[in-house]
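Notes to accompany the following structure.
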Amino acid sequence: MRIHADQVGEQNRRHEARHREAFDFLTARLAADGHDVDALITKIGALQIAVPSWALGAGGTRFARFPGGGEPRSLEEKIMDVGLLHALNRSSGAISLHIPWDIPKNASEIKTLASELGLVFDAVNSNTFQDQPDQTVSYKYGSLAHAEKAVRKHAVDHNIEVIEYGKQLGSTALTVWLADGSCFPGQLNFRKAFQRTYASLQEIYAALPGDWKMFIEYKPYEPNFYSTVIQDWGTSFLLANKLGEKAYTLVDLGHHLPNTNIEQIVATLMMEGKLGGFHFNDSKYGDDDLTVGSIKPYQLFLIFSELVYGMENPASSNPTPAWMIDASHNVKDPLEDLLQSVEAIKVAYAQALLVDRDELEAARENNDTVMAQEILQNAYRTDVRPLLAESRLRAGGALDPLRAFRALGVRKQLIGERGMKTVSTGL
């Protein structure tokens with residue numbers, strides 16, 4: 001299935017009068033405050049969020065999975081689904097693959113299909129957290145940190161294989177997330193585990209092409225619950241610094257202990273020029289992988305406030321991180337969930353662009369706590385959705401992507417094409 005421009009145009013005509021009224025009202029207000037609205041719209045439109053290939057099917061939990069109809073059965077169908085999203089929101093112009101769940105059988109054909117839909121390939125992701133059917137060794141007790149050299153070699157070789165697939169598709173980054181760690185005290189020698197991980201990462205780093213980056217993801221727990229080898233941003237940052245200029249830290253919003261000040265982590269990493277990538281999701285209790293902005297929208301805005309400041313005041317030649325959603329939900333239509341997530345990300349970004357940096361810094365330097373809070377919250381409380389809608393309209397997208405998705409009967413058509421009882425690859 002594909003969504004054509006005339007279908008989008010027909011949907012837009014139903015909402016254009018209401019949009020124009022809201023946009024003109026907001027434009028007048030922002031112009032009065034000294035904002036260049038056209039410049040804002042250009043920046044908003046330029047922000048592209050990569051969709052992960054594993055998020056296109058219904059997610060699940062340790063207890064159950066409730067698959068939906070019309071799930072993509074192949075990499076080609078996953079790319080088609082991202083194309084549907086991009087046709088509606090004009091902001092999902094990249095896909096991030098997970099290997100070996102989504103191995104391209106013919107890279108040239110896959111690249112051509114993606115190009116036809118206006119898509120490129122973002123970071124490729126390796127998998128050393130589960131054993132594959134034909135695997136000769138096991139990751140039960142670790143991968144890059146495993147005590148046995150043969151297991152470590154298998155994990156290193158897999159990551160190098162992932163790089164090769166990425167090169168074929170035009171990707172320029174590798175994301176490494178490890179499940180390595182321990183469930184019980186005494187199970188693991190912390191120092192040896194770190195040293196083995198670093199040595200393994202060195203081998204992978206040496207295989208990176210000159211224009212590639214390595215993103216090192218961290219997580220404090222799960223699936224191991226007493227310790228993880230790369231448990232926090234500091235450990236990731238340490239490894240990235242030791243490895244070299246092509247290695248960076250990747251921040252996943254769900255990979256923190258409760259009430260962690262993620263915006264401060266972001267500020268520090270950008271100050272050091274080591275924030276390479278970002279995984280967006282939301283959570284109430286842990287790594288819940290819920291729809292972005294559904295639980296903590298103000299925190300998301302505060303994080304973007306630091307991201308915008310960091311991009312405007314870069315500390316390295318890598319001022320802009322790679323943006324990607326990492327969510328998986330069990331009760332929503334996956335494509336609707338992704339449309340909502342992209343919208344929430346861009347709302348937070350647009351709000352952060354409205355922060356008056358000069359006034360904020362003046363308030364900070366004068367220890368004016370009240371005014372500093374007011375400046376941030378005034379930007380956060382601005383309804384920027386008309387800016388996003390106008391950005392989509394100018395790019396040929398839908399004024400209201402979610403309503404267009406439903407009005408066009410996308411899920412019904414996908415079920416008609418693929419069947420009701422399909423399971424997305426890798427799930």
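What follows draws every value from the coordinates through simple rules; no lab data is involved. Given the structure is predicted, the values throughout are model-derived calculations rather than measurements. Because the Cβ atoms are built from the backbone with ideal geometry, glycine has one as well, and the counts that use them run over all protein chains shown.
Electrostatic tally near residue 341: other residues with Cβ closer than 11 Å to its Cβ, Lys and Arg +1, Asp and Glu -1, net -4. Top mean-square fluctuation among 89, 366, 189, Gaussian network model of the chain, C-alpha springs under 10 Å? Of 89, 366, 189, the Gaussian network model singles out 366 as fluctuating most.
Take the alpha-carbon positions of the chain, form their convex hull, and give its projected area averaged over all directions (one quarter of the hull surface) in nm².
Across all orientations, the chain yields a mean hull projection of 21.2 nm².
Mean projected area of the Cα convex hull of the stretch 90-226, taken over all directions, amounts to 9.2 nm². Each Lys and Arg contributes +1 and each Asp and Glu -1, all at the Cβ; summed about the Cα centre of the chain, the dipole is approximately 1060 debye. Loop-located trypsin sites (Lys or Arg not before Pro) in the stretch 352-427 (DSSP state not H, G, I, E or B) with no more than 14 neighbouring Cβ atoms inside 10 Å: 381, 421. Between the listed residues 236, 405, 19, the Cα displaced farthest toward the positive end of the dipole of the chain, a dipole computed from Cβ unit charges relative to the Cα centre, is found at 405. Within the straight-line cut-off of under 16 Å between alpha carbons, the aspartates and glutamates reachable from residue 105 are 76, 77, 161, 164, sequence neighbours fewer than 8 places apart in one chain being disregarded. Peptides 125-135, 260-270, 344-354 ordered by packing proxy, namely the average of other Cβ atoms within 10 Å per residue, highest first: 344-354, 260-270, 125-135. Pairs exceeding 27 Å between alpha-carbon atoms, taken from 111/284; 78/213; 219/412; 296/421: 111/284; 219/412; 296/421.
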